[in-house]
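To start, the structure itself, in structure tokens.
We did not get these values from a lab; they are worked out from the coordinates using the rules stated. Source: prediction; values computed, not measured. Positions of Cβ are backbone-derived with ideal geometry, glycine not excepted, and every protein chain shown enters the neighbour counts.
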Amino acid sequence: MTQYLLSVYHPEELTFPPEQLEKVYADVDALNSEIKAAGAWVFGGGLHPSSTATVVQLRDGEVLTTDGPFTEGKEHVGGFWIIEAPDLDAALEWGRKATRACIVPVEVRPFQDEPE
């Protein structure tokens, strides 16, 4: 089976009213249980805001660190799942369920096969 990354894209300024946020958390918890019960779960989690990120990069032979996200943008990865699915169609079905639960965009992307 192929592993897929389901990335949750969250607009930085987006805030939910408390009752809507509670529903999102409940829906995501239910989805996590469904993914696990189906045997598709590998790993998943939510992330702190992109302002908490630190970028580590090699520049002219020196390793530098800078505060903040690597890319400037209005949306950043706010969470993710790594799942196993038999094919892209099955992974996209999990993506459809994920975007319904999170109510924000979810990108589905396969991992590269490891060289033999």
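Observations
- The equivalent ellipsoid of the chain has semi-axes of 27, 22, 11 Å, largest first, where each one is the square root of 5 times an eigenvalue of the Cα gyration tensor.
- Pairwise FRET efficiency - residue 89 versus residue 51, Cβ, R0 = 25 Å, nearest 0.05: 0.10
- Candidates 63, 28, 106, ranked by Gaussian network fluctuation over the chain, Cα under 10 Å, top entry: 63
- Label zone at residue 103, where the point sits 7 Å out along the Cα-to-Cβ direction: the range 9-44 residues whose backbone N lies under 14 Å: 11, 14-28
- Counted by Cβ distance under 14 Å from residue 36, the other residues give a net charge of -2, where Lys and Arg count +1 and Asp and Glu count -1.
- About its Cα centre, the dipole of the chain is roughly 280 debye, where the only charges are +1 on Lys and Arg Cβ and -1 on Asp and Glu Cβ.
- Applying the Karplus relation 6.51 cos²θ - 1.76 cosθ + 1.60 with θ = phi - 60° to the range 81-92 yields 3J(HN,Hα) values of 10, 10, 10, 10, 9, x, 6, 4, 4, 5, 5, 5 Hz, where x marks Gly and Pro.
- Cβ-derived FRET efficiency at R0 30 Å, residue 112 paired with residue 20, nearest 0.05: 0.25
- GNM top mover of 19, 84, 93 - the chain, alpha-carbon springs below 10 Å: 19
- The chain, helix-only ellipticity at 222 nm - DSSP H runs n ≥ 4, -39,500 (n - 2.57), divided by all residues, nearest 500: -10000 deg cm²/dmol
- In loop segments of the range 24-116 as defined by DSSP, the trypsin sites (Lys or Arg not before Pro) with at most 12 further C-beta atoms inside 10 Å of their C-beta are 74.
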